[in-house]
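Comments concern the structure below.
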Amino acid sequence: MNFFIRNLFIVTALSSLMISCKKDFANPNDATLEQTLSNPVGLTGVAVGVQKQYSNGRAGSLYNLVCANGFSSFELSNRNTGNVDETNLFNGGTAVDGNNAVVGNLWASSCKVIFDADNVIRNAAKLGDKGYASGLIGYATIFKALALGNLSAFWEKIPDTIAIGNKAGFIDRIAGYNKAVAVIDAALGVIATNPISSTVASNIPGGIEIPNTLQALKARYALFAGNYSLALTSANAVNLTVKSEMRFDAVTPNPIFNVSTATNNVFQVRDSTFGLPVGLRPVSTDRRIAFYMSINTAAAPRWRINGFGAALTTPWPIFLPSEVTLIKAECLARSGAANLSAAVIELNRVLTKTPASDPFGIGADLPAYSGTVDLASVLTEIYRNRCIELYMQGWKMEDLRRFGRSNVANVEKNRNFYPYPFRERDNNSNTPPDPQF
């Protein structure tokens with residue numbers, strides 16, 4: 001692990017572990033790190049801190065995931081050129097370098113989440129209450145998998161092991177997705193052996209149904225790794241009626257609302273085109289436009305963030321049920337011509353869905369697919385609906401690569417991958433070369 005991350009862990013350890021400190025000397029009444037990680041109360045505090053690290057504020061993973069993906073894939077408009085890092089992402093190409101704060105924060109936050117989640121997973125296994133332990137392991141694994149997925153979506157290679165004092169080696173990004181699947185499998189195995197205790201839910205933030213979320217994330221990352229059979233099997237195991245979301249309040253507000261929607265000073269949605277080129281844009285009757293966007297007639301810009309960034313306490317989904325349906329459609333389409341009709345059936349579940357029939361209120365409410373039923377046409381329609389249905393969820397950059405979308409004259413994206421943060425490169429000789437674009 002590099003010097004920056006090592007010191008980040010040291011500086012933030014006390015807040016992550018819910019330990020207070022008033023002076024620069026040891027407080028004999030404070031728990032040690034070892035003591036904190038050896039009891040259910042301390043481990044629960046660390047686990048809750050993992051979610052906070054992921055979801056809270058401008059330095060957390062969620063804000064930087066949405067911001068980076070949105071600027072690089074043309075989902076978002078830039079509101080203030082004085083925000084240099086965001087502006088450089090908006091401009092793309094060589095304007096994005098290893099000193100970019102959004103890129104650096106996404107990297108650092110993801111590494112911190114993995115490090116703290118590993119502490120929970122490793123030490124929870126030693127607890128006597130195995131039902132409580134399995135709940136903590138499953139909960140922490142959700143955020144570890146998300147962090148591994150974020151790194152794998154934006155960098156060509158990711159750290160293999162994150163530990164204090166270790167200069168990380170690197171693995172290919174597809175291996176990173178497979179690693180996310182592997183840690184999810186391990187957690188699901190623990191839960192199958194020792195079902196989650198009912199007391200876990202009362203001690204962690206509400207909104208997350210652990211086993212169902214793990215299956216959905218397994219489907220996502222197996223898809224991204226190209227393992228369509230596994231992705232389909234996992235998607236079929238997800239209960240599509242159950243929501244899984246990160247919830248916010250006045251103390252820990254929704255970071256997209258707090259940083260961008262409320263200020264109108266960082267980014268906004270582009271417009272009802274969703275940043276898509278001609279031929280892929282939603283029709284005007286697509287009811288998903290009104291879900292994700294509102295119109296302001298009093299001041300520029302006209303198109304404003306709605307949806308999951310609408311208010312200070314608006315929850316943010318960890319996955320959308322319709323994402324799982326689109327995973328099924330894509331896996332079926334890619335598995336051979338004989339399954340194209342089945343793929344269209346799944347696609348139509350998204351196209352014809354009304355807002356009232358969706359757990360989050362998202363619905364296109366459109367006619368069924370009437371295009372050509374061949375692989376290229378069906379995949380294009382699946383891609384189009386992923387861009388609309390999963391708007392601002394952070395996965396469009398990965399979709400652009402997987403669906404083979406070209407980048408003629410910066411039509412659909414302005415980067416392929418990100419450079420490694422200077423703070424990583426300066427302190428870790430194993431850091432790979434930066435991508436050309």
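Each value in this text was obtained by applying a stated rule to the coordinates, not by laboratory testing. All values reported here derive from a predicted model rather than from experimental measurement. No Cβ is skipped: glycine too gets one built from the backbone with ideal geometry, and neighbour counts run over all protein chains shown.
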Working note, the chain: Cα radius of gyration (Å, one decimal) and Dmax (Å, whole number) are 21.3, 72
How far apart, in nanometres, would the label points at Phe403 and Asn39 be if each is projected 7 angstrom from Cα along the Cα-to-Cβ direction? 5.2
If you add up the charges near Val373, with Lys and Arg at +1 and Asp and Glu at -1, over every other residue whose beta carbon is less than 14 angstrom from its beta carbon, what do you get? -3
Only four residue types carry charge here, +1 at the Cβ of Lys and Arg and -1 at the Cβ of Asp and Glu. Report the dipole size of the chain about the Cα centre in Debye, rounded to the nearest 20. 140
Within the chain, which whole H helices from DSSP have a Cα span along their axis of at least 18 Å and a mean Kyte-Doolittle hydropathy of 0.5 or more, if any? 3-16, 101-124, 130-154, 173-193
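Taking the Cα centre of the stretch 300-437 as the origin, how large is its charge dipole in debye, to the nearest 20, when only Lys and Arg (+1) and Asp and Glu (-1) carry charge on their Cβ atoms? Don't skip to the answer; put the middle values down first.
On the way: 16 positive and 14 negative charges, 51 e Å.
It comes to approximately 240 debye.
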Could you check which residue among Gly307, Gly60, Gly371 shows the biggest mean-square fluctuation in a GNM of the chain with a 10 Å Cα cutoff? Gly371
Among Lys396, Lys328, which comes first, then next, by fewest other beta-carbon atoms within 10 Å? Lys328, Lys396
Measuring from centroid to centroid over Cα atoms, what is the spacing of the stretch 44-121 and the stretch 304-377 in Å? 26
Net charge around Ala219, counting only other residues with Cβ within less than 11 Å of its Cβ (Lys, Arg = +1; Asp, Glu = -1)? +1
Based on the alpha-carbon gyration tensor of the stretch 305-419 and its eigenvalue square roots a ≥ b ≥ c, which shape applies: rounded if a/c is under 1.5, prolate if not and a/b is larger than b/c, or oblate? oblate
